[in-house]
Structure formats: C-alpha cells, structure tokens
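Every number here is computed from the coordinates shown, using simple stated rules; none is lab data. Predicted, not measured: the structure shown is a model, and the values here were computed from it. Every residue, glycine as well, gets a Cβ built from its backbone with ideal geometry; the counts of neighbours run over all protein chains shown.
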Amino acid sequence: MRPFDFNIYQLSAHSFRPVYQLVFPFANTLPGDFLTDTTINGKRVNYLENNRAFYYILGNVAQIGSHLFFRPDAYGNRQGGYIYNLKSGRLTGIDKITPDASTSFLFLTDNNIGGSEFSNYGFMAQDGDTLYTSYSSLTLFQQKEANADKHPVYPPVLTKYLENSKNKRGNPVIIKVRFADNF
C-alpha cells in the first residue's frame with residue numbers, strides 16, 4: 001500500500017503489480033487532484049486535518065483464503081476496518097461482528113468496549129490462516145464481568161487465566177482470529 005493510493009499491490013522478487021483497487025464513497029475520497037494541486041503544496045497535512053472524513057491510506061491489509069482484510073484510515077479517525085469476501089462480494093465491518101457462544105461472547109476487537117489498541121494497531125500479524133491482534137488484560141477481565149449473565153464457556157487456558165485476578169494488570173492478551181470459509 002502507498003499513501004493516497006487505494007490499490008493493493010502484490011510484491012514478488014521480480015514484480016510489483018496492483019491486484020485490487022478499492023473505491024470508497026465520494027464523502028470519504030480525496031479530490032482527484034490532491035497530489036497535483038499546487039495550491040496545497042506544503043499544506044496537505046493541514047488539508048487532511050481539516051477534512052477528517054477523507055481516507056488517505058490503507059492499513060492492515062491481509063488476504064487469508066477468500067477474505068481480504070483492510071482498514072482505510074482518515075486523519076485522526078481510525079476504524080476497525082473491513083472484511084471483503086472475494087467469492088460472495090460481501091463487505092463486513094469488523095466492528096459490526098457480534099460475539100456469540102462460539103467466541104465465548106468476547107469481542108474480536110476492543111473498539112466496541114472502549115479500547116483503542118485495535119484502532120491503533122489492528123491486525124499485527126498473520127500466518128496463512130490466522131490473524132493476530134491483542135488487547136489489554138484488563139479489557140479481557142471487563143468483558144468477562146460484562147458477560148457473566150451469558151454463562152460463557154472459555155477454553156481451559158483462558159479459564160485458568162481469568163481465575164487469577166492479578167492477571168488484570170498483566171501484559172496484553174494475544175487474540176488469534178480464524179474466520180469460517182462461509183463467513
């Protein structure tokens with residue numbers, strides 16, 4: 001990805017080529033002459049500060065199977081990002097994914113629960129079929145308390161971790177994310 005360019009490129013040892021071009025709503029799109037308009041030379045950052053709805057860069061781009069993950073960023077206004085299903089054409093906002101019993105009622109990101117780690121860092125790594133992110137240990141404990149009435153079933157390792165209240169002040173928790181093929 002490159003700033004002010006909404007193409008997603010594929011790199012290899014011998015080539016650099018666009019594989020996807022993203023198109024956003026007009027209200028979020030920089031003017032076509034943004035890079036060539038000489039009246040804003042030296043003032044582009046100010047322009048972005050004053051037009052915070054305009055996306056100017058893509059972040060957190062990853063493709064896993066038929067899912068393309070990306071996050072368009074506007075100046076000072078980061079969002080959770082999107083998942084685009086390359087087979088179905090379905091676009092889903094990451095922040096709109098509702099937790100259920102299969103996720104122990106834990107949110108995928110900390111955006112929905114007042115956190116900022118996902119907004120700042122997004123998905124931090126991938127390994128072919130899994131994406132990785134994190135949020136604070138305290139956030140995890142807050143989710144546990146908020147979901148107590150749903151009687152979530154946690155994996156054994158997480159159950160043990162949540163039993164020790166000293167872990168509230170612990171290091172950030174790494175979140176592994178895998179999406180079903182039919183998501």
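Observations on the model:
- Subset of the range 48-72 (residues that are of a type in the set (D, E, K, R) and buried (at least 19 other Cβ atoms within 10 Å of the Cβ)): 71
- Qualifying residue in the range 78-97 (condition: part of a strand (DSSP E or B), under 21 Å from residue 119 (Cβ atoms) and of a type in the set (Gly, Ala, Ser)): yes
- All positions within the range 105-118 that are in contact with a strand residue (DSSP E or B) (Cβ under 9 Å, 6 or more places away or on another chain) and in a helix (DSSP H, G or I): 113, 117, 118
- Subset tally (residues that are touching a strand residue (DSSP E or B) at 6+ places or on another chain (Cβ under 7 Å), farther than 15 Å from residue 172 by Cα and surrounded by fewer than 18 Cβ atoms within 10 Å (Cβ to Cβ)) for the range 129-161: 2
- Breaking point among (1) in a helix (DSSP H, G or I); (2) surrounded by 15 or more Cβ atoms within 10 Å (Cβ to Cβ), for residue 102: (2)
- Those residues of the range 138-161 which are under 18 Å from residue 113 (Cα atoms) and either part of a helix (DSSP H, G or I) or among the β-branched types (Val, Ile, Thr) (or both), in sequence order: 138, 139, 140, 141, 142, 143, 144, 145, 146, 148, 149, 150
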